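Undergrad: Attaching a single structure in structure tokens format; questions to follow.
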Amino acid sequence: MSNGMLVIAILILMLSLMAIRMPIAFALGLSGAVGIVLLRSFDNATATMGSVPFTQVASFSLTIIPMFTLMGMFAVKARVAEQVYQVAAFAFRKFPGGLGVATVMACAGFAAVSGSSIGTAATMSKLSVGEMKKHGYPLPLATATVAVAGTLGVLIPPSVILVLYAIMTGESVGQVLAAGIIPGIASAIAYSIYIIIASRRTKKRDVRLAEEAAAEAEASGESVLATTLARVGADGRTPESDIASHEVKGRRIQEASAVEKPAERLRDLPMRGVVRVMILFVIVLGGMYSGVFTPTESAAIGALVAGIMLISEMWREGPRAIWNALVDSLKETAGTTSMVFSIIVGSAILSSFFVLARVPRMLADGVIAWGLSPTLTLIILLATLLPLGMMLETISILVITVPLIYPVAMEFGFSGVWLAIIFVKLIEIGMVTPPVGINCFVVAGTANVKVDRVFAGVWPFVLVDLVVIAILFAFPEIVLWLPDMVRV
């Protein structure tokens with residue numbers, strides 16, 4: 001069997017194992033081991049499986065992953081997300097779609113300390129989906145806003161995905177993290193612009209339908225409320241005829257057409273949440289780029305400070321509550337870290353097979369033989385991340401595709417730091433697209449809604465993301481400007 005046919009067979013085996021719900025780490029490792037056995041020998045495979053797990057995880061630089069994860073867990077328990085959301089809701093209360101914009105900005109702020117997309121989506125969905133529904137936001141828009149804005153957790157530093165990419169490729173961790181700041185802010189602004197446009201369109205539609213209902217009521221002599229409710233339901237369907245349902249939906253229509261009002265005065269807002277985000281951001285990135293801390297040290301100190309913030313936030317609840325929060329944070333960090341490291345080990349075994357089969361070299365020679373320009377070739381290779389994102393988990397996509405695409409991009413002369421952001425943006429799309437858009441399932445489960453309602457609202461956001469990616473691809477200077485200023 002030729003190397004090409006063997007590689008295809010191993011990829012089919014890997015996808016088949018994932019399809020029967022084998023844990024991803026085992027699917028990757030077993031596929032790689034079978035490939036090495038068929039390509040070389042059983043002894044070669046056992047030697048690889050005996051040495052690769054240790055060599056891959058026995059790296060001091062990998063300690064940054066559990067430290068960033070622990071910092072995020074402490075921030076969650078310290079109610080940072082809730083506090084940032086309250087402040088953002090107050091700040092954007094006069095905007096059309098103000099709660100939606102506040103949700104995006106709160107996700108961006110929380111992403112700056114959590115580094116987790118799933119954690120950001122789960123936390124913010126508890127806080128914001130109910131509030132947006134109460135103020136008349138269509139359910140698909142409300143849930144999709146949280147699901148898509150949650151993806152900022154893997155783009156805005158500190159991001160575990162960006163750190164893992166830097167470790168895999170040998171790029172500077174500091175530069176890769178710095179590269180995510182401007183694209184992350186640009187993505188948040190782009191999402192907010194769409195939400196404002198969609199909210200204005202929805203409000204105009206509600207006003208138009210209410211006016212039409214009023215005109216019909218006046219002509220027929222019926223009550224305005226009953227006619228309006230017969231035309232418009234909160235979920236866009238014709239409501240039942242009973243008057244109790246009419247009254248409930250009438251209140252929702254009134255809420256939909258009203259401007260959101262702040263629930264607190266400025267002096268009553270929990271500004272400590274914003275201050276804590278800024279402190280952690282300065283400690284992690286400021287310490288790293290000033291040269292005071294190494295990236296690993298900055299992550300550890302950030303985790304320590306977040307732990308102190310957790311204790312100070314829960315001080316009034318007593319020692320037992322503090323202890324439980326600390327223990328829960330450590331348990332969740334251990335679980336997440338174990339998952340990440342096991343995938344790293346499994347992917348390393350599969351990557352060993354790819355190297356032995358000369359897959360990177362074959363891929364590079366193949367794309368060069370196409371005779372296409374380097375830019376068009378890279379676009380085609382990166383486009384494969386979109387369908388992969390619909391089927392595989394984020395870290396799995398990264399560890400499978402980076403060893404294949406990164407060498408080709410480097411041979412063509414592209415920047416590895418810039419490539420990291422394009423990778424992550426494309427992976428972000430996979431996190432919200434069916435059938436395995438993990439963020440959509442997280443939001444649906446947390447908000448207790450059907451996942452198809454979430455998927456129905458994400459497609460406009462996907463188009464927004466594609467526009468942002470096209471801009472970042474066409475103008476790499478947007479991504480590289482900040483990393484070039486802070487070489488670490």
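The values are calculated or read from the model by the stated rules, or taken from the named source; none is laboratory data. Everything quoted here is computed from the prediction, not taken from an experiment. Note: ideal-geometry Cβ built from the backbone for every residue, glycine included; neighbour counts use all protein chains shown. Keep in mind that these areas ignore ligands, DNA and RNA; they rest on the heavy atoms of the full protein, side chains included. Shrake-Rupley method; radii C 1.70, N 1.55, O 1.52, S 1.80 Å.
Undergrad: Restricting the search to region 466-485, which residues are among the charged types (D, E, K, R) and within 14 Å of Leu155 (Cα to Cα)?
TA: Result: no residue meets the conditions.
Condition check ((1) on the phi < 0 side of the Ramachandran plot; (2) free of Cβ contacts under 8 Å to residues at least 12 places away in the same chain; (3) among the polar types (S, T, N, Q); (4) crowded, with 21+ Cβ neighbours inside 10 Å) across all residues:
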site	(1), (2), (3), (4)
Phe412	yes, no, no, no
Val424	yes, no, no, yes
Ile427	yes, no, no, yes
Pro434	yes, no, no, no
Asn439	yes, no, yes, yes
Val443	yes, no, no, yes
Asp452	yes, yes, no, no
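Undergrad: Can you give me the number of residues within region 132-164 that are open to solvent by 10 Å² or more (accessible area, probe 1.4 Å), touching a Ser or Thr at 6+ places or on another chain (Cβ under 8 Å) and more than 14 Å from Phe423 (Cα to Cα)?
TA: Residues in region 132-164 being open to solvent by 10 Å² or more (accessible area, probe 1.4 Å), touching a Ser or Thr at 6+ places or on another chain (Cβ under 8 Å) and more than 14 Å from Phe423 (Cα to Cα): 4 in total.
Undergrad: While we're looking at this one, here's another question. Going by what's in this entry, would Val462 be described as farther than 25 Å from Ile167 by Cα and either modelled with pLDDT of 90 or more or more than 13 Å from the chain's Cα centre (by Cα) (or both)?
TA: Here the answer is yes, as Val462 does meet what is asked.
Undergrad: Need the failing condition index for Leu392 against (1) within 20 Å of the chain's Cα centre (by Cα); (2) at pLDDT 85 or above; (3) in a loop (DSSP other than H, G, I, E, B), just the number.
TA: Evaluating Leu392 over (1) within 20 Å of the chain's Cα centre (by Cα); (2) at pLDDT 85 or above; (3) in a loop (DSSP other than H, G, I, E, B) leaves (2) as the failure.
Undergrad: Looking at this structure, is Gly318 surrounded by fewer than 21 Cβ atoms within 10 Å (Cβ to Cβ), within 22 Å of the chain's Cα centre (by Cα) and free of Cβ contacts under 8 Å to residues at least 24 places away in the same chain?
TA: no
Undergrad: Report, by residue number, each residue of region 294-350 that is part of a helix (DSSP H, G or I) and among the polar types (S, T, N, Q).
TA: Hits for region 294-350 are Thr296, Ser298, Ser312, Asn324, Ser329, Thr333, Thr336, Thr337, Ser338, Ser342, Ser347.
Undergrad: Right, another one. Go through (1) open to solvent by 20 Å² or more (accessible area, probe 1.4 Å); (2) farther than 24 Å from Ile343 by Cβ and name the single condition Pro403 misses.
TA: For Pro403, the exception is condition (2).
Undergrad: May I pose another question? For region 190-206, give me each residue that is closer than 21 Å to Ser116 by Cα and either of a type outside the set (S, T, N, Q) or surrounded by fewer than 22 Cβ atoms within 10 Å (Cβ to Cβ) (or both).
TA: If the condition is that a residue be closer than 21 Å to Ser116 by Cα and either of a type outside the set (S, T, N, Q) or surrounded by fewer than 22 Cβ atoms within 10 Å (Cβ to Cβ) (or both), then Ala190, Tyr191 are the ones that fit.
Undergrad: Continuing with this model, one more query. When only residues in region 465-484 that are over 30 Å from Glu131 (Cβ atoms) and open to solvent by less than 10 Å² (accessible area, probe 1.4 Å) count, which is farthest from the chain's Cα centre (by Cα)?
TA: Pro483
Undergrad: Pick out the one residue from Ile397, Ile421, Ile427, Ile379 that is assigned to a helix (DSSP H, G or I) and over 19 Å from Met168 (Cα atoms).
TA: Of Ile397, Ile421, Ile427, Ile379, the one residue that is assigned to a helix (DSSP H, G or I) and over 19 Å from Met168 (Cα atoms) is Ile379.
Undergrad: Going by what's in this entry, would Phe60 be described as among the aromatic types (Phe, Trp, Tyr), in contact (Cβ under 8 Å) with a residue 40 or more places away in the chain and surrounded by 15 or more Cβ atoms within 10 Å (Cβ to Cβ)?
TA: no
Undergrad: Taking region 269-300, which residues are free of Cβ contacts under 8 Å to residues at least 24 places away in the same chain and within 24 Å of the chain's Cα centre (by Cα)?
TA: Result: Val275, Met278, Val282, Ile283, Gly286, Ser298.
Undergrad: Also, quick follow-up: Within region 272-293, does at least one residue satisfy the condition of being in a helix (DSSP H, G or I) and in contact with a Lys or Arg (Cβ under 8 Å, 6 or more places away or on another chain)?
TA: Taking every residue of region 272-293 in turn, at least one turns out to be in a helix (DSSP H, G or I) and in contact with a Lys or Arg (Cβ under 8 Å, 6 or more places away or on another chain).
Undergrad: Of the residues that make up region 142-158, is at least one free of Cβ contacts under 8 Å to residues at least 24 places away in the same chain and not in a loop (DSSP other than H, G, I, E, B)?
TA: No: region 142-158 contains no residue that is free of Cβ contacts under 8 Å to residues at least 24 places away in the same chain and not in a loop (DSSP other than H, G, I, E, B).
Undergrad: For Ala19, are the conditions met, namely being touching a residue at least 24 places away in the same chain (Cβ under 8 Å) and over 21 Å from Ala122 (Cβ atoms)?
TA: Taking the combined requirement at face value, the residue does not satisfy it.
Undergrad: Residues to consider are Ser172, Ser187, Ser114, Ser128; find the one that is within 19 Å of Val443 (Cβ to Cβ), of a type in the set (Gly, Ala, Ser) and either open to solvent by 20 Å² or more (accessible area, probe 1.4 Å) or at pLDDT 85 or above (or both).
TA: Ser187
Undergrad: Still on this structure: Answer with yes or no whether Ser342 is at pLDDT 80 or above and crowded, with 22+ Cβ neighbours inside 10 Å.
TA: When the stated conditions are applied, Ser342 does not pass them.
Undergrad: Going through region 64-99 one residue at a time, which ones are open to solvent by 20 Å² or more (accessible area, probe 1.4 Å) and either polar (S, T, N, Q) or on the phi > 0 side of the Ramachandran plot (or both)?
TA: Residues satisfying the conditions are Arg79, Gln86.
Undergrad: Run down Ala33, Ala9, Ala19, Ala25 and say which single residue is open to solvent by 60 Å² or more (accessible area, probe 1.4 Å) and among the small types (Gly, Ala, Ser).
TA: The unique qualifying residue is Ala19.
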